[in-house]
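In what follows, a single structure is set out as structure tokens and then discussed.
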Amino acid sequence: MFVKNKFCSNSYKSRCCALLLIFLLIISACQSNKKSSSGSLKQSAATVPASNGDYFQEIGKEIGLDFVHSIGDKELSNIVESSGAGAAFLDYDQDGYIDLYVCSGTWLKGLSSGEKPAELPHNHLYRNRGDGTFEDVTKKAGVGGPWYSMGVTVGDYNNDGYPDLFVSNYGTNVLYKNNGDGTFTDVTRRAKVGGGENDFSVGAVWLDYDNDGFLDLYVGNYLNFDPSYKYYYAPDGFPGPLAYDAQPDVLYHNNGDGTFEDVTKSMGITDRDGRAMGVGAIDYDDDGFVDIYVANDHSMNYLWHNNGGKGFTDMGTPSGTAFGQSGESAVSMSVDFADYIGNGLMDMFVSDDKYCRLYENLGNGIFSDRSYTSGIAMPAGQYVGWSSSFIDYNNDGLVDIYKANGALKHLYGQEDQLFENIGNGKFKDVSTESGKYFLKELVGRGACFGDYDNDGDIDGYIVNLNDRGAFLRNNKGNQNNWITLNLIGTTSNRDGIGARVKVTSGGKVQTAQKKSTTGYLSQNDPRMHFGLAKNEMIEKIEIKWPSGKLQVLENIKVNQILSVKEPPK
């Protein structure tokens, strides 16, 4: 018994020692976890929510997109604060997943009426981890500011394979060169694209207007803001755009050596009274040279026709796109382009504070406003439209329209709208049946769209003025087939901006052109996306590169992201 009892006693002590050792290891592990960086804890906290059954589901907060836009003030008190801001999808690290850059206002002396905050708001860059979540890499990348930013346009201006950022600001603009290692360098001074300290730049767009293989830059300037001017109708809150003189736009030519030249006057850009908001570029007459459309506030819009890379002529009035169909100059915000009819011609949609304008391209340089006959005007007229983009959200092969809405001079929210293309030139407002987000009243401004999780359908990010941004995941679009094209220029500019693409599938032909800026101060996924409905094969893809080369691919499988490199000859 004694021996047995002694054995039990030793066994008991052994078990106690073992338990004590395990306990100490657990404590050590917990302490180790406490010492982990806050960044690691945030990363582990980001998770991808399951589908809630909505077509578009807001999931930004859960996946690590914590951006909150700031006007730099407690109250909306001037037109500068009302005019921002945009966002862009880009693959800055070239890992195959699109990242997100978002612009913000900030506190500025002489502009902001409130006290300077301890920590100034700034722009943000979020890296897509490839698992459905994002991480904030702004500080590491060096692209936060400090600027009072309006919009962003993305383009590989030096053709090194990495996308660069041009940020338009109230004040000096900024060109960030992508170093290819996750960081950016401010090269504004060397490149000579900063503009003046008193410039108020809003929209901007990359394009290769002379097809020399290097991206040029058009910067839309708004107005000469005077913070001391205080005469206005009290219910408006602050003076409107016509209280200030217009500020002329600028066209920069890329010299190919990292510098740019102001060629505004020599190229015939005579902007006397345009207060530029959104700016876009497309070859609307398919002559091989990209043209420029400027959506102006309270004044006629410009359609700068490219005369073979040697100059521009404003064809806004002759084309029928300078005014609305009643002859009024509306409060134009943004422009986007697509072939919504399916006849191979590039149409355009211009959002404004009234009924918006859906311009059908009739050929021969003439457009016709179809906003009423298409079914868009009456639903759109209830809201103030800011960023609008053509997207095929349901992959049925017909481009639809997303429209972000928000009040002009007050922080009054409005619901966003989604118009489904139902064919034969008609659209249907399907907003309320597309997700709970469309019931929210927010002050929308810029918006960008793209396939963030590479699952074959188009997701979106909306910048809401002085509020949290919204990320909308598409839950159902990939129930139809699709193809996404990643164009890589060689003789043409590296991004292939300006390339015209025709996709033939099931006997149906879709035509699109590679763009940079899309909608209000924003830019969509750099890859070109085509919905294919239930078609199982693509018969042919035709690409007309800016260099003039024609490339044809045949018998392509659907449901893939296909990189296409411009052929050498």
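The values are calculated or read from the model by the stated rules, or taken from the named source; none is laboratory data. Because the structure is predicted, anything quoted here is derived from the model rather than measured. Note that we place each Cβ from the backbone using ideal geometry, even for glycine, and neighbour counts take in every protein chain shown. Heads up: the accessible areas ignore ligands, DNA and RNA and are worked out on the full protein's heavy atoms, side chains in. Shrake-Rupley method; radii C 1.70, N 1.55, O 1.52, S 1.80 Å.
The set of residues from the stretch 285-298 being touching a Ser or Thr at 6+ places or on another chain (Cβ under 8 Å) and open to solvent by 10 Å² or more (accessible area, probe 1.4 Å) comprises just one member, HIS298.
Do we have VAL399 as open to solvent by 20 Å² or more (accessible area, probe 1.4 Å), of a type in the set (A, V, I, L, M) and in contact (Cβ under 8 Å) with a residue 12 or more places away in the chain here?
In short, yes.
Yes or no: GLY53 surrounded by fewer than 13 Cβ atoms within 10 Å (Cβ to Cβ) and modelled with pLDDT of 50 or more? Considered against the rule, which asks whether it is surrounded by fewer than 13 Cβ atoms within 10 Å (Cβ to Cβ) and modelled with pLDDT of 50 or more, GLY53 comes out as yes. Here GLY105, GLY130, GLY203, GLY151 are screened, and the one residue that is more than 21 Å from VAL463 (Cα to Cα) and at pLDDT 95 or above is GLY130. Can you tell me which condition ASP429 does not meet? The list is (1) in contact with a Pro (Cβ under 8 Å, 6 or more places away or on another chain); (2) buried (at least 24 other Cβ atoms within 10 Å of the Cβ), and all the others hold. Looking at each condition in turn, ASP429 falls short on (2).
Conditions (1) open to solvent by less than 30 Å² (accessible area, probe 1.4 Å); (2) more than 21 Å from TYR284 (Cβ to Cβ); (3) free of Cβ contacts under 8 Å to residues at least 40 places away in the same chain, marked per residue:
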| site | (1), (2), (3) |
| --- | --- |
| THR490 | no, yes, no |
| ASN524 | yes, no, no |
| ILE538 | yes, yes, no |
| ILE556 | yes, yes, no |
| SER563 | no, yes, no |
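Within the stretch 232-254, being more than 29 Å from ILE292 (Cα to Cα) and open to solvent by 20 Å² or more (accessible area, probe 1.4 Å) holds for TYR232, TYR233, ALA234, PRO235, ASP236, GLY237. Against the criterion of being in contact with a strand residue (DSSP E or B) (Cβ under 7 Å, 6 or more places away or on another chain) and either free of Cβ contacts under 8 Å to residues at least 24 places away in the same chain or of a type in the set (Val, Ile, Thr) (or both), THR504 qualifies. The sole residue among TYR170, TYR162, TYR126 that is touching a strand residue (DSSP E or B) at 6+ places or on another chain (Cβ under 8 Å), aromatic (Phe, Trp, Tyr), open to solvent by 10 Å² or more (accessible area, probe 1.4 Å) and within 21 Å of ASP467 (Cβ to Cβ) is TYR170.
Among all positions in the stretch 463-483, there is at least one residue which is assigned to a strand (DSSP E or B), of a type in the set (A, V, I, L, M) and under 30 Å from LYS569 (Cα atoms). Every condition in (1) surrounded by fewer than 24 Cβ atoms within 10 Å (Cβ to Cβ); (2) in contact with a Gly (Cβ under 7 Å, 6 or more places away or on another chain) holds for PHE471 except the one numbered (1).
Among residues of the stretch 293-310 being under 22 Å from PRO241 (Cα atoms) and assigned to a loop (DSSP other than H, G, I, E, B), the one that is modelled with the highest pLDDT is ASN301. Does LYS354 satisfy the criteria of being open to solvent by 20 Å² or more (accessible area, probe 1.4 Å), of a type in the set (Lys, Arg) and either more than 28 Å from TYR252 (Cα to Cα) or in a strand (DSSP E or B) (or both)? Yes; evaluated as a whole, the condition is true for this residue. Going residue by residue through the stretch 528-535, is there one that turns out to be open to solvent by 10 Å² or more (accessible area, probe 1.4 Å), in a loop (DSSP other than H, G, I, E, B), in contact with a Ser or Thr (Cβ under 9 Å, 6 or more places away or on another chain) and over 30 Å from ASN169 (Cβ atoms)? The answer is yes; a qualifying residue exists.
Can you say whether LYS514 is within 19 Å of VAL205 (Cβ to Cβ) and either surrounded by fewer than 20 Cβ atoms within 10 Å (Cβ to Cβ) or charged (D, E, K, R) (or both), as far as the supplied structure shows? Judged against the criteria, LYS514 is a match.
Residues that are surrounded by fewer than 21 Cβ atoms within 10 Å (Cβ to Cβ) and part of a loop (DSSP other than H, G, I, E, B) within the stretch 134-155 comprise VAL137, GLY142, GLY144, GLY145, PRO146, listed in sequence order.
Could you grab me the full set of residues in the stretch 205-228 that are farther than 21 Å from SER492 by Cα and open to solvent by 10 Å² or more (accessible area, probe 1.4 Å)?
Result: ASN224, PHE225, ASP226, PRO227, SER228.
Of the residues in the stretch 311-327, not one is touching an Asp or Glu at 6+ places or on another chain (Cβ under 7 Å), open to solvent by less than 10 Å² (accessible area, probe 1.4 Å) and at pLDDT 95 or above. When you scan the stretch 538-547, do you find a residue that is at pLDDT below 95 and over 30 Å from LEU465 (Cα atoms), even just one? Among the residues of the stretch 538-547, not one is at pLDDT below 95 and over 30 Å from LEU465 (Cα atoms), which makes the answer no. Would you say VAL202 is open to solvent by less than 10 Å² (accessible area, probe 1.4 Å) and under 29 Å from ASP164 (Cα atoms)? When the stated conditions are applied, VAL202 passes them.
It is to be established whether one or more residues within the stretch 455-462 are farther than 30 Å from LEU411 by Cα, at pLDDT 95 or above, open to solvent by less than 10 Å² (accessible area, probe 1.4 Å) and part of a loop (DSSP other than H, G, I, E, B).
Yes, the stretch 455-462 contains at least one residue that is farther than 30 Å from LEU411 by Cα, at pLDDT 95 or above, open to solvent by less than 10 Å² (accessible area, probe 1.4 Å) and part of a loop (DSSP other than H, G, I, E, B).
Suppose we filter VAL202, VAL193, VAL174, VAL167 for residues that are in contact with a Phe, Trp or Tyr (Cβ under 7 Å, 6 or more places away or on another chain), free of Cβ contacts under 8 Å to residues at least 60 places away in the same chain and not polar (S, T, N, Q); which single one remains?
Working: VAL202 fails: free of Cβ contacts under 8 Å to residues at least 60 places away in the same chain; VAL193 fails: free of Cβ contacts under 8 Å to residues at least 60 places away in the same chain; VAL167 fails: free of Cβ contacts under 8 Å to residues at least 60 places away in the same chain.
Going through VAL202, VAL193, VAL174, VAL167 in turn, just one is in contact with a Phe, Trp or Tyr (Cβ under 7 Å, 6 or more places away or on another chain), free of Cβ contacts under 8 Å to residues at least 60 places away in the same chain and not polar (S, T, N, Q): VAL174.
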